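The values are calculated or read from the model by the stated rules, or taken from the named source; none is laboratory data. Remember, it's a predicted structure, so these values are computed and weren't measured experimentally. Counting neighbours? That spans all protein chains shown, and the Cβs are built from the backbone with ideal geometry, glycine included.
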Amino acid sequence: MTSALGWLRQPSFMLGGASELAFLKEPNDVIAVRDRPLMLDCQVEGEGPISVTWRRNGVPVPTGPKASVLANGTLLIKSFQKRKESNETDAGEYDCAAQNHYGMLISRKARVQLASLPKFHIHPESKSVDEGGVARLTCQVNGIPEASISWEKNRTAVNTDDNRYTILPTGILQITGVRRTDSGVYRCVATNIANTRYSHEAQLTVTGKRSSPRIYKEPVILSGPQNLTITVHQTAILECIATGNPRPIVSWSRLDGRSIGVEGIQVLGTGNLMISDANLQHSGVYVCSANRPGTRMRRTALGRLVVQAPPEFLQWPQSVSRPAGSSAVFTCMAQGVPEPHLIWLKNGKILTPGDNVKLTNNNRYSS
């Protein structure tokens, strides 16, 4: 995840008025595809002439056959590369610097990643499940951007119209009320803009006979919610899959007693909780309960959800004019979870306290 410092636009402010520089467009985080062009925005207004330069990881980007700065300040990388022989890459943190006669303004840092899809690091494993039970197959792959996961049975796409089959966005396949016809060879398929990959194959074998309704089996949570940290507006998937005879009823609550709510809340399959467009109020400990119908017999599992928010400015420094020898005070306030770290820049260089510069705890800068 991008650090708090990386999310912050790092402004420098000039004493003056109409001549000051201001960004119309700043570079955004982006995922680039190898051998394809990449463009990063940097559009500025202010009194000309204005020069725009670019840096990657703090080092100036050389212009030439590979990269050029367009008339509007946009950086064009003609063919995004990762050179295997030297392990060098065009990926990194980019920022642009705009300068005119009166001063310099530095943009936010934009994280540029190379799209990739490596091999699966977790493959599904073969298993045997009693008829009428629950099968859970899992796979994991770390793609940039995150890969879309689907499943195949005997090299044919799994029929998700059958509500016994649930595919979680995390790559987990759940099959409830397993039947003999569910036996077969399963594999995971991962796809993103970089590639498509297939996992190893796993054999699912359905054994035994369906349990008699008279044979009681206590509720058991086969897989409960895991601790999860996400960013606001992302989607949280909290897994809960249970077995028993009769089939247990899965329900959700919060450990602090607060209501989970209904907006943006969806149940996937027989008990998985999906929270769409998460906000800070969704942070908390979630409890999955598997109850035997008609009784107080239950099993529980807990998972903590942490929702973080990138820094955003609440108050910006305002341009001021002061006579020589007098004091100038600038104020800057920001919020985020976790609490953001603020730095000050003057003409693109980090400002450090000195004889005529003071930084206070409420993020006021005076000179």
### Of residues in region 109-122 being assigned to a loop (DSSP other than H, G, I, E, B) and in contact with a strand residue (DSSP E or B) (Cβ under 7 Å, 6 or more places away or on another chain), the one farthest from K153 (Cα to Cα)
K109
### Query
So which pairs qualify, if the first residue must be in region 139-168 and farther than 20 Å from A202 by Cα, the second must be of a type in the set (S, T, Y) and part of a strand (DSSP E or B), the Cβ gap must be under 7 Å, and the two must be at least 6 apart or on different chains?
G143/S116; I144/S116; A147/T191
### Task
Run down T176, T166, T181 and say which single residue is surrounded by fewer than 17 Cβ atoms within 10 Å (Cβ to Cβ), more than 22 Å from the chain's Cα centre (by Cα) and not hydrophobic (A, V, I, L, M, F, W, C).
T181
### Message
Consider region 248-275. How many of its residues are surrounded by 13 or more Cβ atoms within 10 Å (Cβ to Cβ), in a loop (DSSP other than H, G, I, E, B) and without any contact (Cβ under 8 Å) to a residue 40 or more places away in the chain?
### Response
3
### Message
Residue under question is G64, and the condition is that it be without any contact (Cβ under 8 Å) to a residue 40 or more places away in the chain and not hydrophobic (A, V, I, L, M, F, W, C); does it hold?
### Response
yes
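Residue-wise test of (1) among the hydrophobic types (A, V, I, L, M, F, W, C); (2) in the same structural domain as S253 (by TED's automatic domain parsing); (3) in contact (Cβ under 8 Å) with a residue 40 or more places away in the chain; (4) exposed (fewer than 14 other Cβ atoms within 10 Å of the Cβ).
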| residue | (1), (2), (3), (4) |
| --- | --- |
| L280 | yes, yes, yes, yes |
| N291 | no, yes, yes, no |
| G325 | no, no, no, yes |
| N347 | no, no, yes, no |
| K358 | no, no, no, yes |
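Scan region 128-161 for residues that are among the charged types (D, E, K, R), under 24 Å from R247 (Cβ atoms) and surrounded by 13 or more Cβ atoms within 10 Å (Cβ to Cβ) and report the count.
The qualifying residues number 4.
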